[in-house]
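Every number here is computed from the coordinates shown, using simple stated rules; none is lab data. What you are looking at is a predicted structure, and each value in this text was computed from that prediction instead of being measured. When we count neighbours, we look across all protein chains shown, and the Cβ atoms used for this are built from the backbone with ideal geometry, even at glycine.
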């Protein structure tokens with residue numbers, strides 16, 4: 001196991017063991033809601049590698065230090081040079097050292113690569129070991145477009161084509177041949193609203209037309225016909241055909257050099273032996289009556305290895321099942337989806353091929369075949385996760401698959417304009433014919449949940465009557481709001497009487513209420529009051545008896561009166577105790593004040609007087625303060641010197657200046673500056689300068705500042721600010737570091753000593769850019785620097801963009817005006833990483849990132865990292 005750093009330093013960590021594990025981290029967005037409807041947005045992915053390697057016991061500390069130095073640092077992590085999947089550019093996520101019995105230890109390291117979007121290289125070979133054929137396979141279907149559907153026997157005449165001049169009522173349905181979808185009107189008087197355009201909010205997308213239902217890449221929709229249906233496709237490279245949810249007798253597939261017919265009794269029909277062709281493929285479905293096909297897939301079949309024994313299959317049910325507190329069960333049937341887990345054996349030499357073909361379908365539904373002919377192991381959907389345990393000759397693939405759910409047809413959720421009541425007469429005057437669009441109640445004898453409707457109504461009436469009786473009883477036995485308010489006031493008054501004296505808290509009252517015969521006895525105890533000597537005592541406020549049957553308000557009246565009497569009884573003693581304590585405290589305070597006043601230095605006293613006298617001039621106060629501060633500083637320095645002599649250390653110099661300002665609303669600001677130089681007890685030399693800036697509300701002050709330290713061997717400068725900036729005398733910004741990164745508009749670099757790289761440059765821009773056209777390239781970031789001698793300049797860019805509509809975009813990297821990278825066929829990806837390099841002559845170098853796109857996208861954030869390497873070969 002080795003690491004190649006950005007400076008081309010090679011670090012050997014240890015010997016890779018025979019079972020590293022690889023996979024990918026997929027950043028695509030794939031969400032399935034509670035109804036089973038899946039939403040997919042394809043994004044980038046990153047390789048993942050977990051390696052266990054051996055190292056000598058005495059090298060454990062060194063490896064830990066080297067890995068700690070590489071934290072949050074991009075490097076190339078190589079477990080095996082033969083495979084791209086075992087050589088990952090990225091960061092280590094975590095590591096763990098296993099210190100076995102000497103002389104050998106182990107380290108487990110997990111690495112996550114940089115995010116990429118471009119497909120990995122796939123040779124297309126079968127990865128099954130020992131020249132066998134793969135039984136675990138995936139069929140990557142081609143997207144059937146209007147041009148790819150050469151012929152179809154099923155007409156596309158579900159409804160009339162939408163007309164811009166027609167007026168549609170609510171519930172009316174139309175089709176749009178351009179989208180092959182059926183739409184239902186959501187409003188009355190719907191005119192001029194294109195269901196496939198800006199007027200889509202006035203229409204509900206019901207689903208595909210009958211002809212195109214088998215090609216919509218969704219389960220739950222089907223193309224229906226009677227007797228026979230046939231389609232002819234020209235969908236590019238095809239070597240396999242599959243049909244799902246088939247209701248028919250036979251299915252026939254015809255291709256150049258191929259003609260095969262099979263029974264369709266199983267619901268899933270596959271043709272996995274079609275000769276590779278780019279010609280036309282004809283599929284014919286036949287039956288004796290109604291026939292249907294849910295999904296038709298034609299595309300490229302690729303192997304994933306030999307399926308090991310005991311794959312597992314199941315379903316995910318999105319139905320709603322709830323049980324209430326009374327055990328009643330509510331069930332709402334919804335969609336369901338297949339799922340499968342499988343393991344397969346692959347040739348280790350085919351590791352990169354398997355990684356590439358699975359990563360290529362990370363956000364795309366494909367047909368996964370665990371065993372041909374077994375419907376439970378044939379799933380149309382996505383992989384949830386996968387990993388490969390890499391061994392010497394044969395490796396193991398672990399794969400988890402989630403199928404698409406059966407999509408329920410959408411409903412507008414709105415009634416038709418009218419519901420005509422036909423076949424209902426007015427012969428029975430007690431049951432007249434309702435108006436069109438009306439509903440009627442349940443007729444006599446109708447059951448609701450197995451109970452006659454009339455019985456439910458009678459039971460409900462009884463519940464309402466019982467509630468009225470209970471409400472009357474509550475009104476009779478419950479005091480009015482006024483009485484409740486009075487009770488609360490009495491309770492509050494009683495508590496105040498128990499716990500305060502002259503409005504001041506005197507301790508804690510404990511109430512002990514007991515029932516003796518027909519009377520209620522409450523004993524009140526005062527705990528926690530202190531006398532002048534500071535000792536606690538327990539005072540019994542007495543006992544009061546309350547006769548049975550007395551109202552709550554009367555009871556509290558008696559308790560309050562008793563408490564007031566008890567409080568009056570002890571008021572004199574408590575007042576005296578408090579007075580004694582206050583007197584003793586006053587004596588103590590006066591004694592301390594006298595001692596403090598005697599000990600105040602005359603110079604300090606004059607400073608206090610100078611600052612407290614409002615009539616003296618500010619200059620005079622500052623002069624006196626400085627004089628006094630100088631005297632105190634001398635005394636403080638003498639004290640420090642004496643203390644340093646005791647500790648065996650010396651203090652060379654000490655100076656401190658401090659100023660504090662208290663503003664309105666509790667705001668404070670304080671500035672202090674400290675310089676010191678000393679030799680500590682251990683003999684180490686320390687020189688330090690501190691500038692401290694403190695400001696904010698009292699109690700939550702914020703600290704910022706500068707600390708410079710020199711130990712004689714190393715020196716550091718710490719800047720603790722939200723934003724650090726450097727300006728030219730004319731105000732031009734040269735450098736800024738803040739929470740968004742480091743920004744250097746006019747970066748200049750110099751070469752390091754030896755063969756090291758030129759100091760790297762990082763440019764970060766966050767201002768949004770709105771494109772003006774696919775062919776109009778706009779400068780997104782730029783940097784200029786001096787190259788001391790001919791060398792190689794490397795530029796890497798990370799880009800974040802947003803899309804509001806379907807669009808395409810391109811990026812360029814220019815070095816001194818020459819295009820070093822040009823890509824103009826990206827899809828809709830919101831995160832892009834691109835790189836370029838070129839050999840440049842010595843002198844001024846300008847690197848530039850350019851961006852072009854159609855309207856509907858916005859460039860949000862981009863960073864450009866530049867490294868230059870001198871040409872050591874001359």
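So the values come out like this:
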quantity: Neighbour-count order for 212, 203, fewest beta carbons within 10 angstrom listed first; calculated: 212, 203
quantity: Order of 88, 41 under a 10 Å beta carbon neighbour criterion, fewest first; calculated: 41, 88
quantity: Relative packing of peptides 848-856, 123-131 - highest average C-beta neighbours within 10 Å first; calculated: 848-856, 123-131
quantity: Share of alpha-carbon pairs per 10 Å distance bin for segment 103-214, given as whole %; calculated: 11, 25, 16, 17, 14, 10, 5, 2, 0
quantity: Stretchable slack from residue 393 to residue 205, in nm (0.36 nm times residue separation minus alpha-carbon distance); calculated: 62.4 nm
quantity: Peptides ranked, highest mean first, by Cβ atoms within 10 Å: ranges 289-295, 184-190; calculated: 289-295, 184-190
quantity: Order of 368, 336 under a 10 Å beta carbon neighbour criterion, fewest first; calculated: 336, 368
quantity: Ranked by how many other beta carbons lie within 10 Å on average, peptides 296-308, 153-165 from highest; calculated: 296-308, 153-165
quantity: log10 of Debye I(q)/I(0), alpha-carbon scatterers only, for segment 225-340 at 0.09, 0.14, 0.18, 0.23 Å⁻¹; calculated: -0.38, -0.74, -0.99, -1.23
quantity: Pairs of alpha carbons in segment 1-157 whose separation is greater than 26 Å (percent); calculated: 49 percent
